[in-house]
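See below for the structure under consideration.
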């Protein structure tokens, strides 16, 4: 069908409503790219897939791809040697786990839902990768202390030095001899260094480095010389921790990159499955009924060793019989329209909008499915 006819039938609007039932961007993209098909086998397969999804949702309304994310771009970055952020790695893990859950749920009903089960066949468990990500990153997105021995040691040293630094600064601001010079008895940070606020009139009374001053100029933020070495040691340990975290993220990103193709296949399978669920939900919302497709006249086309059947519009028997049909964008309550050979046999439409919709239906001569 050419785009003019699809726009006349308002297919883009219908696909927009279908997209609203999709759970993540990968399935939304698939929904928005749908076009009608005239291949009989494909029409029947798509109808069967939607019918299976409707039945599956009736038995388990919690069936979903919960936790899945479209991680194709981060995974491709990892395959090129890039470093993924902890949040991206958790998204990869959750997506793999979502695929495993869906695959397990459908494997028990393969005979009932063969088309849905076929969608999940490309999904690989990747259990070792899931375990490695979970062992490395906690659910808040922080790299765990146990991710490496070096990281555990560095973080322990960082905490010790940090506590010593704060204790020394607290003693300084609590010292009565320093009280006249302090704007406030507190310890704060400027530029990642711990400082204390000194009245500008008493600059030099507490030897140190000036890191900042207040907007009024009345307060100077001083890093006392007495804590300079501890501040330096604390900062060096922080940088060492950052380097070790990056090394760990690089290593686990490389593991993701090794399985990039499998993860991408999982995303695409989940997108197909979520689209099937979205079609089922939209069908339920518009009170849709699965069409019965009969190939009354077959046109056989040779494509290598394969044969394909297409629905013909030249048959003496009508390939298109619509009983109580209505446009899905219209209110489902009004009376509907029945047509044979795409010519109206009976219509009871009262409003101009419904009349226009009837003309749209009459304008088409193909049997098709999205």
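Values computed for the structure shown
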read-out	value
Within the stretch 214-232, considering residues that are crowded, with 17+ Cβ neighbours inside 10 Å and in contact with a helix residue (DSSP H, G or I) (Cβ under 9 Å, 6 or more places away or on another chain), the one nearest to residue 86 (Cα to Cα)	231
Residue check, residue 161 at pLDDT 90 or above, assigned to a strand (DSSP E or B) and in the same structural domain as residue 226 (by TED's automatic domain parsing)	no
Sole exception among (1) part of a helix (DSSP H, G or I); (2) farther than 30 Å from residue 254 by Cβ; (3) touching a strand residue (DSSP E or B) at 6+ places or on another chain (Cβ under 8 Å) for residue 184, by number	(1)
Any hit, the stretch 119-133, residues being closer than 21 Å to residue 277 by Cα and assigned to a helix (DSSP H, G or I)	yes
Among the candidates 154, 179, residue that is farther than 14 Å from residue 221 by Cα and surrounded by fewer than 12 Cβ atoms within 10 Å (Cβ to Cβ)	179
Number of the exception - residue 10 against (1) in contact (Cβ under 8 Å) with a residue 24 or more places away in the chain; (2) at negative phi; (3) surrounded by fewer than 21 Cβ atoms within 10 Å (Cβ to Cβ)	(2)
One residue from 20, 115 being at pLDDT 90 or above, surrounded by fewer than 14 Cβ atoms within 10 Å (Cβ to Cβ) and within 14 Å of residue 276 (Cα to Cα)	20
Residues being outside any helix (DSSP H, G or I) and either at pLDDT below 95 or surrounded by 21 or more Cβ atoms within 10 Å (Cβ to Cβ) (or both) - total across the stretch 84-100	1
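The values are calculated or read from the model by the stated rules, or taken from the named source; none is laboratory data. The shown structure was predicted, so the numbers you read here are calculated from the model rather than taken from an experiment. Using ideal geometry, Cβ is built from the backbone for each residue, glycine included, and neighbour counts are taken over all protein chains shown.
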